[in-house]
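The structure appears right after this line, and notes come after that.
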There are 2 protein chains.
Amino acid sequence: MNHTADPRPGRPYDRSRDALVLATTLDLLAEHPYGRVTLDDVAARTGRAKTTLYRRWATKDELVLAAVRSMGRPPEDGELPDRGSLRADLLAVIDSPWLGGPDRRSALFTGLSAAARSSEPLAALVRTEVTEPYVAIYRRLLERAVDRGELPAGLTPRIPTLAAVIPAMSDLQLAGATRAGTRRDFFVAVVDDVVLAAIRGAAASPGAGGLIGSVEG
Amino acid sequence: MNHTADPRPGRPYDRSRDALVLATTLDLLAEHPYGRVTLDDVAARTGRAKTTLYRRWATKDELVLAAVRSMGRPPEDGELPDRGSLRADLLAVIDSPWLGGPDRRSALFTGLSAAARSSEPLAALVRTEVTEPYVAIYRRLLERAVDRGELPAGLTPRIPTLAAVIPAMSDLQLAGATRAGTRRDFFVAVVDDVVLAAIRGAAASPGAGGLIGSVEG
DNA sequence: TAATAACGCTACTGAAGAGTAGCGTTATTC
DNA sequence: GAATAACGCTACTCTTCAGTAGCGTTATTA
């Protein structure tokens, strides 16, 4: 494949399973708390020796970091067609295949959230690679809705607040809500509420306002 | 104080700081992931010897268990006056002093959610001591709203789904939303959206419906 | 074929943390 | 005062896990 490979002598790196290693790291992060994801497990589940993992990534954090980077990005402008309404746009984000769709993506976010608490560089990476692109999407969708006339022009958006509820609901489990439906069901319900409220003007009291934003005066 | 104390000879247990130990355990759980809350820390922060802690609670899990039990319960029917509207009722739940109010309570739920993933008995306890009473409150509030005529009588409630979003938002941090306001601000925004949508009929598509519930036919 | 470097494997080091043993001290009952 | 048991303290055991060392094997280049 790659004819520009380095001309070093000796056996070359076998990169064929690197992607599997990264994916498995994410899988484990979605399943267990960060502290219980061990490199021995990753090695065993991917058929690589632990020492081989350390030849690529110097520390556990660097492996997780690389795994996060390998996730790709949420859908960009071009891949996010205008569905004609704010509700349809938000549902399209939810159902985008990024990270395996809404349920797996949500579980993964839960794991990353916990991992970010254990390592500041990792937290920074999660912010730039996951949070900010995600927030940018919502900002764009709200601009569209304003352009469309669905939302008032004077809207002060509360993007991070909105973004917080859509991608991740780690406490669904705490509330036993998983038995009442999938995570996707939950997100759809939120979207239904949020959009209807925004369009009809949720801001009952000044300063409060709904998740999407508030309108001054 | 207690004249019915056991008549055993020897130095009696000094219970004076037991409550402090339990409270400190919860504080640490709100601050760090479960795996990084150590009994050495609890001992140091409470001025007790680690061995003394083990004379009361046989394992770390039992300590956490006792701490959860010591939290008390969310406000019961009698302590939850009818505020006249669903919105006011929900805000009253949010602002109840249980567990130190909305922000601390939310942080604590985040910690408990993580802890519950590490221990099945602990998960069961969190369900019965935290989740179920909390869910019962929402059920009661929705019944009131139906009685009041605010919500339609044929409502199929989605209580666990609603309960999931109100008490805990561990991923606010992931989305950087904490900088945009307190956790309480977030909950209030959710309530504003959810209530407005429920009252005006959010269920745009059958089967979907908002967080509060859907109406058949 | 010689040199090189990745491979898997086994075995290790070192740190952290749950849980325990033992001891001298202190508060209580009889 | 004697017996008892909790107290704080130090020091330990045991387990888990991040990270490393060394070795025989294998894939590659020159």
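The values are calculated or read from the model by the stated rules, or taken from the named source; none is laboratory data. It should be emphasised that the depicted structure is a prediction, and the values quoted were computed from it without experimental measurement. FYI the Cβ positions are ideal-geometry reconstructions off the backbone, even for glycines, and counts take in every protein chain you see.
Looking at region A:5-48 only, could you name the residues that are surrounded by fewer than 19 Cβ atoms within 10 Å (Cβ to Cβ), under 11 Å from residue A:67 (Cβ atoms) and of a type in the set (D, E, K, R)? Of everything in region A:5-48, just one residue is surrounded by fewer than 19 Cβ atoms within 10 Å (Cβ to Cβ), under 11 Å from residue A:67 (Cβ atoms) and of a type in the set (D, E, K, R), namely A:18.
One line per residue, one yes/no per condition, for (1) surrounded by 15 or more Cβ atoms within 10 Å (Cβ to Cβ); (2) at pLDDT below 85; (3) within 16 Å of DNA strand D (Cβ to nearest atom):
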residue: A:58; (1), (2), (3): no, no, yes
residue: A:74; (1), (2), (3): yes, yes, no
residue: A:81; (1), (2), (3): no, yes, no
residue: A:84; (1), (2), (3): no, no, no
residue: A:92; (1), (2), (3): yes, no, no
residue: A:129; (1), (2), (3): yes, no, no
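Set side by side, the residues B:122, B:141 differ, and just one is within 30 Å of residue B:59 (Cα to Cα) and modelled with pLDDT of 85 or more, which is B:122. Considering only residues of region B:30-56 that are more than 10 Å from DNA strand C (Cβ to nearest atom) and at pLDDT below 95, which is nearest to the other protein chains (Cβ to nearest Cβ)? My answer is B:33. Do we have residue A:67 as among the hydrophobic types (A, V, I, L, M, F, W, C), within 11 Å of DNA strand D (Cβ to nearest atom) and surrounded by 13 or more Cβ atoms within 10 Å (Cβ to Cβ) here? Against the criterion (among the hydrophobic types (A, V, I, L, M, F, W, C), within 11 Å of DNA strand D (Cβ to nearest atom) and surrounded by 13 or more Cβ atoms within 10 Å (Cβ to Cβ)), residue A:67 does not qualify. Of everything in region A:166-201, what is buried (at least 22 other Cβ atoms within 10 Å of the Cβ) and at pLDDT below 65? Give them in sequence order. Hits for region A:166-201 are A:166, A:167, A:168, A:169, A:170, A:171, A:172, A:174, A:175, A:177. Residues that are more than 12 Å from chain A (Cβ to nearest Cβ) and among the small types (Gly, Ala, Ser) are absent from region B:104-125.
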